Structures are given as structure tokens and as C-alpha cells.
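The block underneath contains the structure these notes are about, expressed in C-alpha cells.
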Amino acid sequence: MSDDTQTWYLLKNDDGSVFGPVPFSQLKSWAYDAQISPLDKASTDQENWMKVPMVPDLGMDYLVEVSPDQYYGPTTLGAVREFLEAGEIHAETHITNCKDGTGAAIKDIPGMLPQADEEEARPVRTSIRLNLQQRIRELEEALMEERRARETAEHMIEKLEAKLAEITRAATL
């Protein structure tokens, strides 16, 4: 269990800004309130960074099925609740607990749907759609880099095969 004696830093993926030092409880509060994206990173020393879903005890354990082939997360139940209140997802949206592999529609998870006597919904701080668009751009860029690397490797293989053929011909003469 993480404690508040160690300070943490948060590195935002979208603009590179760094927040901290803060106690772990503040980092956890930010995650719960959807102020942290699954692409953001955290550190205790500002040298070794890890994606926030990998931080133990942060509670970013839920994957939201935005559509049959698009997912958001992992994130917290608090963030899921905010996306629901903002109308970005609905009661039928399926979420999966990444820790134990269980899944259910939001309506089937106790305490997830707002009660009639609850206060008005809070404003959303993070958007699934914006994060998905950003993630798609990042994946497309990574794919292009992989294609370039593959083409370079294929070109190098062709050169090496030609050189090997040349050496083999010279050796057989």
C-alpha cells in the first residue's frame, strides 16, 4: 500500500507539464476525479517514470468498452462515473476489471448509476473521445515508424543477400 510519506510527480502526456511534488493521496484523488489520463506518467524521483495505470494502489483498474473495437483505460471507477454523467458512455457500456478479468455493464455494478437524490453531475475533466483520438494518432505514428524500420531492414537484407551472392560466386570460381 502506498503511503503519503513519499512524494510523487505527475507528467501529463498531452502537454508534458509536470505536477508535484504531491503526496500519494493527492495523486490517487486526481486519478479518481479523471484528472489523470491512462497515458500520463508518474514518478517519485522525476527520473524513472511509469504509466499511471502501473502505479500500485492507484485504482486505475478498469477498461471501458467505448465501442466493439475501441477501449479507454485503464482508469478508475470515479472516472467511469464522470464519463457516464457527462453522457460519453451509458448504463449499457461494458467495463472490465483488469485485475481479476471480470466484466459487466455499468448498470450492473452497484453504486455506479447516479441516484435520484444525488447532487447535480460535476463537470468532466477528461474526455474519452479526445483521449481515443490522441491514442489513435499515437498508434498511427508508431505504425508509420515501424513500417519505415521494416523497409530499412528489408533494404539492408537485400544488400546483404546481394553481397552474400557475390561472395559465394567468388568462392566458387
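Here, each number is a calculation from the coordinates, and none is a lab measurement. None of the values given here were measured: they were computed from a predicted structure. Note: ideal-geometry Cβ built from the backbone for every residue, glycine included; neighbour counts use all protein chains shown.
Over all directions, the projected convex hull of the C-alpha atoms in segment 7-108 averages 6.7 nm² in area. Net charge near residue 151, counting Lys/Arg +1 and Asp/Glu -1 over other residues with Cβ under 14 Å of its Cβ? Summing Lys and Arg as +1 and Asp and Glu as -1 gives 0.
Using the Kyte-Doolittle scale, which helices in the chain average at least -1.0 and also have C-alpha atoms spread 18 Å or more along the helix axis, with helices defined as whole DSSP H runs? Could the numbers behind the result be given before it?
Details: long enough: 128-172 (64 Å, -0.73).
Counting only whole DSSP H runs, the qualifying helices are 128-172.
Mind checking the dipole of the chain: about its Cα centre, +1 per Lys or Arg Cβ, -1 per Asp or Glu Cβ, Debye to the nearest 20? Kindly include the intermediate steps, with their values, before the conclusion.
Working: 18 positive and 32 negative charges, 128 e Å.
So the dipole magnitude of the chain works out to roughly 620 debye.
At a Förster radius of 35 Å, what calculated FRET efficiency corresponds to the Cβ-Cβ distance of residue 104 and residue 5, to the nearest 0.05? Walk me through the numbers on the way to the answer.
Numbers: r = 36 Å, r/R0 = 1.03.
With R0 = 35 Å, the Cβ-Cβ based efficiency is 0.45.
Taking the Cβ of residue 106 as the centre, find all other residues whose Cβ is under 13 Å away and add up their charges (Lys, Arg: +1; Asp, Glu: -1). Computed value for this residue: -4. Note that the chain shows a convex hull volume over its alpha carbon atoms of 191 Å³ per residue.
Under the definition of Cα pairs under 8 Å and six or more residues apart, what whole-number percent is the relative contact order of the chain? Walk me through the intermediate numbers first.
On the way: 237 pairs, mean separation 26.3, N = 173.
Normalised by residue count, the contact order of the chain is 15 percent.
Longest stretch of the chain clear of exposed loop sites (GluC sites (Glu not before Pro), DSSP loop, at most 12 other Cβ atoms within 10 Å, sites excluded): 121-173. With bins 5 Å wide beginning at 0, the percent of Cα pairs of segment 127-173 falling in each bin runs 5, 19, 11, 13, 9, 9, 9, 6, 7, 4, 4, 2, 2, 0.
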